[in-house]
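We did not get these values from a lab; they are worked out from the coordinates using the rules stated. Computed from a prediction, not measured in an experiment: that's the story for all the values here. Using ideal geometry, Cβ is built from the backbone for each residue, glycine included, and neighbour counts are taken over all protein chains shown.
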């Protein structure tokens, strides 16, 4: 099975958020973050390395926990925002036909 070419763009901003920390803060966060959200260190590393376009994903509850941990708004952990119409827009379009 052939692997997809890598884009280099991460699906989530975990690595970016860690880059803003001082060395002491980084060491502290890397020690407590896995325990705080109930995952292993290896799982955290895997989460950091998920690339955009990958079928891999982080469970929703863990995404929310990460957003709360870093103090960012809901939806801000994702590097690329999902797009699409909401149901009202779709409903209006379906009634025009």
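Table for the structure above
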read-out	value
Members of region 33-56 found to be in a helix (DSSP H, G or I) and surrounded by 11 or more Cβ atoms within 10 Å (Cβ to Cβ), listed by number	33, 34, 36, 37, 41, 43, 44, 45, 46, 47, 48
Hey, residue 15 touching a helix residue (DSSP H, G or I) at 6+ places or on another chain (Cβ under 9 Å) and either touching a residue at least 40 places away in the same chain (Cβ under 8 Å) or surrounded by 11 or more Cβ atoms within 10 Å (Cβ to Cβ) (or both) or not	yes
Leading residue by the ranking (nearest to residue 41 (Cα to Cα)) among those in region 57-97 that are in contact (Cβ under 8 Å) with a residue 24 or more places away in the chain and part of a loop (DSSP other than H, G, I, E, B)	58
